[in-house]
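See below for the structure under consideration.
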Amino acid sequence: MYLWDHEMQRLRESLADIPTTQRLDLAMRVMDWTIQAIGPIEVEAVRSYINAGMEAGHTAVRSGQGKIPLPEETLDAYTEIDDQAYEPGTSHVLSALLACADAPGGLTGEVLYDVLSYCYEGVLEREDLPLVSLEEERRNARCIEAIDFQQRCIAQAQSA
């Protein structure tokens, strides 16, 4: 169990109370932050896929949609792209993006929880801790920053 699980479990059920369109907005803000936190993505195919998905996500937020509408060919390419996502953290970002697109009725609170978890795991993997443990995560500024940012985004969405 990660530090994220300990810190976020108490918020899990309350995510369902956030309206669907705000859940997507929250997911996009966290994914944007995560992409910035993990740094440059070197593999062109992975970077392009993520950039295209994020652009579609931002467009969806601006138009009030509850999920990212990715074309079938983009969804079909996911496995091939994920196979190329060897850089630490990138596979988790791809998983978060897919979860936002593969949500038939829009992002539920549970899907959002998964997206947030994927994002944290991406940051954690990129940090390359010598040993993944609660103690190591607590000592890692980026892990703490990721949890704090996600909690602030949730609080903002709940108060909107």
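The values are calculated or read from the model by the stated rules, or taken from the named source; none is laboratory data. Not measured: the values here are computed from a predicted model. As a convention, Cβ positions derive from the backbone with ideal geometry for all residues, glycine included, and neighbour counts pool all protein chains shown. The protein model used for the area step is the full one, side chains on, heavy atoms only, and it has no ligands, DNA or RNA in it. Shrake-Rupley method; radii C 1.70, N 1.55, O 1.52, S 1.80 Å.
Across region 120-145, what is the number of residues that are among the hydrophobic types (A, V, I, L, M, F, W, C) and crowded, with 20+ Cβ neighbours inside 10 Å? Break it down stepwise before answering.
First, the residues of region 120-145 that are among the hydrophobic types (A, V, I, L, M, F, W, C): 123-124, 129, 131-132, 134, 141, 143-144.
Going one step further and asking which of them are crowded, with 20+ Cβ neighbours inside 10 Å, we end up with 123-124, 143.
So the answer is 3.
Cβ-Cβ under 9 Å, sequence separation 6+ or interchain: first residue in region 90-105 and open to solvent by 40 Å² or more (accessible area, probe 1.4 Å), partner at pLDDT below 95 and among the polar types (S, T, N, Q). Which pairs?
What qualifies is Gly105/Thr20.
At least 2 residues that are within 17 Å of the chain's Cα centre (by Cα) and either touching a residue at least 40 places away in the same chain (Cβ under 8 Å) or surrounded by fewer than 17 Cβ atoms within 10 Å (Cβ to Cβ) (or both) in each: list the helices (runs of 4 or more DSSP H) lying fully within region 21-88 that qualify.
Numbers: elements: 44-62, 72-76, 78-83.
In region 21-88, 44-62 are the helices (runs of 4 or more DSSP H) which contain 2 or more residues that are within 17 Å of the chain's Cα centre (by Cα) and either touching a residue at least 40 places away in the same chain (Cβ under 8 Å) or surrounded by fewer than 17 Cβ atoms within 10 Å (Cβ to Cβ) (or both).
Only one of these conditions is not met by Asp148: (1) open to solvent by 60 Å² or more (accessible area, probe 1.4 Å); (2) touching a residue at least 40 places away in the same chain (Cβ under 8 Å); (3) assigned to a helix (DSSP H, G or I). Which number is it?
Only one criterion is unmet by Asp148, namely (2).
Determine the pairs where a residue that is part of a helix (DSSP H, G or I) and aromatic (Phe, Trp, Tyr), located within region 120-134, has a partner that is at pLDDT 95 or above and open to solvent by less than 30 Å² (accessible area, probe 1.4 Å) with Cβ atoms under 6 Å apart, the partner being 6 or more residues away or on another chain.
From region 120-134, the pairs are Tyr120/Trp4; Tyr120/Ala146.
Quickly run through region 108-119 and pick out the residues that are under 17 Å from His92 (Cβ atoms) and either assigned to a loop (DSSP other than H, G, I, E, B) or open to solvent by 10 Å² or more (accessible area, probe 1.4 Å) (or both).
Step one: of region 108-119, the residues under 17 Å from His92 (Cβ atoms) are 111-119.
Passing the criteria: Val111, Tyr113, Asp114, Ser117, Tyr118.
Cβ-Cβ below 7 Å, separation at least six or inter-chain, first residue in region 1-18 and on the phi < 0 side of the Ramachandran plot, second in a loop (DSSP other than H, G, I, E, B) and open to solvent by less than 90 Å² (accessible area, probe 1.4 Å): which pairs?
Hits for this filter: Ala16/Thr108.
Here's a check for you: in region 137-160, which residue that is of a type in the set (S, T, N, Q) and within 24 Å of Asp17 (Cα to Cα) is modelled with the lowest pLDDT?
So the residue we want is Ser159.
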